[in-house]
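Asks: Could you have a look at this structure, given as structure tokens, before my questions?
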Amino acid sequence: MTFDGEVAIVTGAGRGLGRCHALELARRGARVVVNDLGGTVDGSGASTSAAQAVVDEITAAGGTAIAETSSVATEDGGAAIVAAAMDAFGRVDILVNNAGILRDAAFKNMTADQVDAVIAVHLLGAFNVTRAVWPVMRERNYGRIVHTTSGTGLFGNFGQANYGAAKMGLVGMMHVLSIEGARNNIAVNAIAPIARTRMTKDIMGEAGKAMDPELVTPVVVYLAHRYCDRTAHVYSVGGGKVSRVFIGVTSGIEDPALTAESVADSIDTIDDPSAFVIRGGPAPR
Ligand code: NAI
């Protein structure tokens, strides 16, 4: 599965998962825009060295890449990232929205700044870069977009209400864009990764040993490839295990005379997940 002639943008590609995605896409022939602001895990600071180091790795291995150090968190940043790709390579086939930060706090202690910063990078960041790349992909009738969601948004995790909300926002955006992009052959999917990176190394302990970030990248490469015929799908991936996460609707009950009491009486039947349908995206499969 190669990408000869294609161009990929990977945000937050200066380290961790994004670096692995960028290296592998380049190894398979894509020309890559390595975007990274180069800050700390909480999003403070900035440095050009992270993105440039990955570009140097790609170049040393015989690939083609450019470094781009804008923040995804502003509309101008998103535009600049896509403009850099167009100036250097004249097209964009693949966008991997991966840049991310953490500002964890129990909800009772969470400040407005912690909420704003996390939503700005994860959710608005994906909006900013995707909005800039959308007309480019529509024009050429082709695109592969991969969002990076999280088990925190899908299932919950203590101390990450800001992050969980931002990450689940990406799933909502994915569902809508997969419908809007279908007629232009733009597929939009998401991964929920589990990997040992600077973001997680302190909390993973021993379990982190098997969680090489390189074991997440194959799903991104598949979703970025023209062979990928899935859209609006979410894949949980970590340590070599890959599963689909989906939103199902239970068979539930139908009662034209519904009352609060009948809901209470039937709540176990309404909740019963043994029979369900999946909705979401065009022609789900
Ligand atoms: P990381 O901290 O190693 O990498 C994130 C990169 O994003 C950093 O290089 C950082 O400089 C860059 N970045 C941050 N803010 C930016 C901005 N405004 N503009 C451009 N670049 C920016 O973390 P990791 O683990 O590689 O995370 C990658 C993505 O995967 C994130 O979206 C994260 O939330 C998500 N994720 C990771 C999990 C894991 O187990 N490592 C679990 C679930 C989701």
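The values are calculated or read from the model by the stated rules, or taken from the named source; none is laboratory data. In this text the structure is predicted, and so the values were computed from the model without any measurement. Cβ: placed from backbone, ideal geometry, glycine included. Neighbour counts: every protein chain shown. Protein only, heavy atoms only, side chains kept; ligands, DNA and RNA dropped before computing areas. Shrake-Rupley method; radii C 1.70, N 1.55, O 1.52, S 1.80 Å.
Asks: Are there any helices (runs of 4 or more DSSP H) wholly within segment 117-188 with 1 or more residues that are more than 24 Å from Met86 (Cα to Cα) and more than 16 Å from the ligand (Cβ to nearest atom), and if so which?
Replies: Details: elements: 125-140, 151-155, 161-181.
Filter on segment 117-188 gives 161-181.
Asks: Continuing with the same structure: Which residues, counting only those in segment 247-265, are open to solvent by 80 Å² or more (accessible area, probe 1.4 Å) and touching a Phe, Trp or Tyr at 6+ places or on another chain (Cβ under 9 Å)?
Replies: Within segment 247-265, the subset open to solvent by 80 Å² or more (accessible area, probe 1.4 Å) is 247, 251, 254, 256, 258, 261, 265.
Passing the criteria: only Ser251.
Asks: Counting only residues that are open to solvent by 10 Å² or more (accessible area, probe 1.4 Å), within 16 Å of the ligand (Cβ to nearest atom) and not in a helix (DSSP H, G or I), how many does segment 207-233 have?
Replies: 2
Asks: For a quick check of your reading of the model, give me the residue pairs whose first member lies in segment 231-254 and is more than 24 Å from Ile145 (Cβ to Cβ), whose second is within 16 Å of the ligand (Cβ to nearest atom), with beta-carbon atoms closer than 7 Å and at least 6 apart or on different chains.
Replies: Taking only residues 6 or more apart or on different chains, the pairs are Gly239/Ile194; Gly239/Ala210; Gly239/Met211; Gly239/Leu215; Gly240/Leu215.
Asks: From the list Thr111, Thr74, Thr64, pick out the single residue that is β-branched (Val, Ile, Thr), surrounded by fewer than 17 Cβ atoms within 10 Å (Cβ to Cβ) and closer than 17 Å to Val54 by Cβ. Don't jump to the end; show me each part of the working.
Replies: Working: Thr111 fails: closer than 17 Å to Val54 by Cβ; Thr74 fails: closer than 17 Å to Val54 by Cβ.
Of the residues listed, the single one that is β-branched (Val, Ile, Thr), surrounded by fewer than 17 Cβ atoms within 10 Å (Cβ to Cβ) and closer than 17 Å to Val54 by Cβ is Thr64.
Asks: For the condition of a type in the set (A, V, I, L, M, F, W, C), in contact with a strand residue (DSSP E or B) (Cβ under 9 Å, 6 or more places away or on another chain), buried (at least 23 other Cβ atoms within 10 Å of the Cβ) and touching a residue at least 12 places away in the same chain (Cβ under 8 Å), what is the one hit in Val146, Val171, Val136, Val118? Lay out the reasoning, then the answer.
Replies: Numbers: Val171 fails: buried (at least 23 other Cβ atoms within 10 Å of the Cβ); Val136 fails: buried (at least 23 other Cβ atoms within 10 Å of the Cβ); Val118 fails: in contact with a strand residue (DSSP E or B) (Cβ under 9 Å, 6 or more places away or on another chain).
Going through Val146, Val171, Val136, Val118 in turn, the sole match is Val146.
Asks: Sticking with this structure for a sec: Restricting to segment 84-99, give me the number of residues that are under 21 Å from the mean Cα position of the chain (by Cα) and free of Cβ contacts under 8 Å to residues at least 12 places away in the same chain.
Replies: 0
Asks: Looking at Asn141, Asn157, Asn128, which is the one that is on the phi > 0 side of the Ramachandran plot and open to solvent by 10 Å² or more (accessible area, probe 1.4 Å)? I'd like the intermediate steps shown before the answer.
Replies: Values: Asn157 fails: on the phi > 0 side of the Ramachandran plot; Asn128 fails: on the phi > 0 side of the Ramachandran plot.
Exactly one of Asn141, Asn157, Asn128 is on the phi > 0 side of the Ramachandran plot and open to solvent by 10 Å² or more (accessible area, probe 1.4 Å), namely Asn141.
Asks: Still on this structure, I have one more. crowded, with 22+ Cβ neighbours inside 10 Å and either in contact with a Gly (Cβ under 9 Å, 6 or more places away or on another chain) or among the basic types (Lys, Arg) (or both): is that true of Arg91 in this structure?
Replies: Details: crowded, with 22+ Cβ neighbours inside 10 Å: no; either in contact with a Gly (Cβ under 9 Å, 6 or more places away or on another chain) or among the basic types (Lys, Arg) (or both): yes.
So Arg91 fails the test.
Asks: Kindly list the number of the only condition in (1) at pLDDT 95 or above; (2) over 23 Å from the mean Cα position of the chain (by Cα) that fails for Gly239.
Replies: Status for Gly239: all satisfied but (2).
Asks: Separate question: For segment 1-39, name all the residues that are among the hydroxyl-bearing types (Ser, Thr, Tyr) and either crowded, with 24+ Cβ neighbours inside 10 Å or free of Cβ contacts under 8 Å to residues at least 24 places away in the same chain (or both).
Replies: The one that is among the hydroxyl-bearing types (Ser, Thr, Tyr) and either crowded, with 24+ Cβ neighbours inside 10 Å or free of Cβ contacts under 8 Å to residues at least 24 places away in the same chain (or both): Thr11.
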